[in-house]
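To start, the structure under review is shown below, and the notes come after it.
Taken together, the values in this text are just the output of simple stated rules run on the coordinates, not laboratory data. As the structure is a computational prediction, the values presented were derived from the model and not from experiment. Here the Cβ positions follow ideal geometry from the backbone for every residue, glycine too, while neighbour counts run over all protein chains shown.
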Amino acid sequence: MGLVGLFQYLYRFIDSFLNHLLARCHLSANGEYGWKSFDRKVNPKPEPTQLVNFTQLTTLFLKTKTGKLMREQQPLTKKIKLLLLFNPVTEWIDTTHLMRLWIHNKSVRKGEEEGTRASHSQIRTFVDTYGIDMADFEPSDIEKYRTFEDFFIRAHRPGSRPIDGPDDPSGAVVVADSRVVTYDSVAETKKLWIKGTDFTLTNLVMDTQLGEHFSDAAVAGFRLSPQDYHRYHSPVTGAIKAFRSIPGDYYQVDPIALQSGVNILTSNARSYLVIETEQFGDVLFVAIGATDVGTVRIHDKFQKPGTEIKKGDEIGYFQFGGSSIIVAFQQGAIKFDQDLLDLSRQKIQVSVEVGTSLGRANPMKKKLS
């Protein structure tokens with residue numbers, strides 16, 4: 001067989017064994033761990049027969065470029081991490097807060113490592129592993145990045161992500177290169193996407209009055225993977241009404257983690273903006289940290305109430321790791337794109353690019369604030 005063949009055999013065996021354990025712990029709906037993909041642009045209205053094998057799966061997304069059904073494979077180490085963090089024993093240990101302290105300290109150390117010159121050596125392997133097209137970024141030469149952290153918060157090349165209807169304030173756009181789900185109500189969001197018992201918008205923003213302001217809001221949830229562009233942009237045009245930063249933990253934000261009993265989104269460190277608009281009323285934008293993400297950054301100018309903001313404007317960025325964003329619209333204020341709604345109800349996440357269409361203002365509900 002040879003050493004290479006033996007290594008490949010052992011890798012496949014371990015991978016299969018971990019998939020089995022993930023399924024046994026109810027961390028994977030179908031016994032496999034990965035992400036299927038489908039093209040939103042080529043197939044704007046997929047036929048039911050194209051989705052027949054997807055309806056019972058919770059960890060899926062659609063790819064917007066290839067037009068083919070694919071599965072986004074995660075590294076073996078990621079499967080091990082999920083198995084260790086989100087099983088019944090670990091979730092019980094979490095109630096003692098020891099796990100949270102360990103994750104927090106680990107995230108701080110990771111952030112310090114990624115900011116050193118020695119971390120530059122990780123960039124080439126990272127680009128090759130995830131197949132990142134550096135032509136989309138500026139600079140495109142990886143040697144121009146001093147540290148891995150500098151590379152992680154890399155900027156898009158101007159023009160590589162055009163904004164849909166930049167001068168049309170009635171249209172809302174995707175806030176980041178990510179995988180998105182959209183739901184018309186918080187109740188639907190909790191039923192299909194988030195299983196944490198404490199998830200409410202009030203708990204998310206730690207403000208009863210603001211939470212009531214977004215009672216049963218329509219929700220768009222964006223999940224960023226480590227290989228993604230980690231800057232995020234405004235979904236709408238308006239003015240900053242409020243800003244707040246909330247300290248917290250750094251749990252994983254994968255769908256498997258969100259389906260666990262841990263109250264992840266309301267426990268993680270996060271910052272939020274309220275954007276006042278003419279077309280949508282008030283819009284809530286929440287950037288949420290995750291494992292190996294030390295900081296959620298909001299640009300200083302957008303922390304000041306009264307600052308004008310245009311859809312597509314860069315709001316801030318995450319540092320080193322996966323992360324999540326929630327955008328909430330007051331009930332009835334937005335009509336999400338129908339393909340996103342239909343697929344989200346089948347527990348299928350859609351791979352999207354920043355600046356593409358998210359939905360349009362409901363003309364019957366223009367001013368809700």
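Within a 10 angstrom radius of the beta carbon, how do E278, E308 rank from fewest other beta carbons to most? Walk me through the intermediate numbers first.
On the way: E278 15, E308 11.
Lowest to highest Cβ neighbour count: E308, E278.
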Neighbour-count order for V127, V350, fewest beta carbons within 10 angstrom listed first: V127, V350
Pull up all non-local amide H partners of L358: gap of 5 or more, or a different chain, and H-to-H distance under 5 Å with H placed in the peptide plane. A172, V173, V174
Ranked by Cβ crowding within 10 angstrom, fewest neighbours first, how are S119, S344 ordered? S119, S344
Return the sequence-ordered ³J(HN,Hα) values of segment 152-158 in whole Hz as given by the Karplus equation 6.51 cos²θ - 1.76 cosθ + 1.60 applied to θ = phi - 60°, using x for Gly and Pro. 4, 9, 4, 9, 5, 5, x
